[in-house]
Amino acid sequence: MIFVCVGSRNYPFDRLFKKLDELCDDEIIKEDIFAQIGTSTYKPKNFKYKDFISQEEFIEKVKESDIVISHGASGSIMKALNAGKKVIAVTRLEKYGEHINDHQIQNNEAFASNGYVLPVYEMGELKEAIQKIYDGTDDLVPWENKDPMAIVNLIDKFIQENWEKK
């Protein structure tokens with residue numbers, strides 16, 4: 001099963017759910033999907049969904065899944081990585097009205113630079129990310145949570161290194 005989560009903030013992520021429906025229609029995705037769609041106005045046609053779920057249901061859906069497709073929020077990503085799941089991190093972008101700024105780009109780049117997630121910035125990249133997991137060419141590195149501050153330090157280091165380049 002694929003679990004899709006986009007959080008509870010008041011920003012829709014319609015382009016993600018439209019693309020997932022398209023990939024189901026094209027039979028790229030053949031397995032069940034369950035999505036937490038938040039405030040998105042687009043209602044999926046090919047898979048089950050709820051607007052919001054409890055923390056307990058979130059954890060249960062992560063456990064049931066093989067793949068987690070998450071927006072670029074570090075909390076959602078970390079819960080999936082800590083559960084040993086393969087993660088595709090889809091970036092909410094300001095230009096589409098999906099967030100107030102583009103900070104999720106940096107989050108996803110930090111996770112991806114270490115091989116923990118497959119990042120998706122534009123929806124045209126989602127099909128390739130899913131196919132990489134399906135055919136075993138994703139090269140994802142399993143997350144080992146030995147230090148509770150590790151992810152904060154990872155993201156901070158990435159931002160510092162890349163901030164200096166600008």
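The values are calculated or read from the model by the stated rules, or taken from the named source; none is laboratory data. Note that the structure is a prediction, hence the values are computed from the model and not measured. Glycine also receives a Cβ, built like all others from the backbone with ideal geometry; neighbour counts cover every protein chain displayed. Accessible surface is based on the protein model in full, side chains and every heavy atom, while ligands, DNA and RNA are left aside. Shrake-Rupley method; radii C 1.70, N 1.55, O 1.52, S 1.80 Å.
In table form, for the structure just shown:
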{"quantity": "Potential lengthening between GLU27 and TYR134 on full extension [0.36 nm per residue; Cα-Cα distance subtracted]", "calculated": "37.2 nm"}
{"quantity": "Cβ-Cβ FRET estimate between LYS18 and LYS157, R0 fixed at 35 Å, reported to 0.05", "calculated": "0.50"}
{"quantity": "Surface accessible to a 1.4 Å probe, per residue, for the residues of the stretch 20-153, Å²", "calculated": "51 Å²"}
{"quantity": "Between helix 103-113 and the chain: long-axis angle, C-alpha atoms, 0 to 90°, nearest 10", "calculated": "80 degrees"}
{"quantity": "With Cα atoms, 0 to 90° folded angle of helix 55-64 axis to the chain main axis", "calculated": "80 degrees"}
{"quantity": "Dipole of the chain, positive direction: furthest Cα of THR41, ALA89, VAL4, with charges on the beta-carbon", "calculated": "THR41"}
{"quantity": "In sequence order, calculated HN-Hα J values of the stretch 18-33 (Karplus, 6.51, -1.76, 1.60; Hz; x Gly/Pro)", "calculated": "5, 5, 4, 4, 4, 5, 5, 4, 7, 6, 6, 9, 10, 8, 5, 10"}
{"quantity": "Protection-proxy order for peptides 57-70, 22-35, each taking the mean of Cβ atoms within 10 Å per residue, highest first", "calculated": "57-70, 22-35"}
{"quantity": "Residue-wise HN-Hα coupling along the stretch 80-92, computed from phi with Karplus coefficients 6.51, -1.76, 1.60 (Hz; x: Gly, Pro)", "calculated": "5, 5, 4, 8, x, 8, 7, 10, 10, 9, 9, 7, 6"}
{"quantity": "GNM top mover of VAL141, VAL87, VAL117 - the chain, alpha-carbon springs below 10 Å", "calculated": "VAL141"}
{"quantity": "Given charges at beta-carbon only (K, R positive; D, E negative), |dipole| of the chain in Debye", "calculated": "340 debye"}
{"quantity": "Accessible area of the chain belonging to carbon and sulfur atoms, whole % at 1.4 Å probe", "calculated": "49 percent"}
{"quantity": "Given LYS95/LYS127; LYS30/LYS79; LYS45/LYS85; LYS50/LYS85; LYS48/LYS157, the pairs whose alpha carbons are separated by over 30 Å", "calculated": "LYS48/LYS157"}
{"quantity": "0 to 90° range, to nearest 10: angle between helix 150-165 axis and the chain longest Cα axis", "calculated": "70 degrees"}
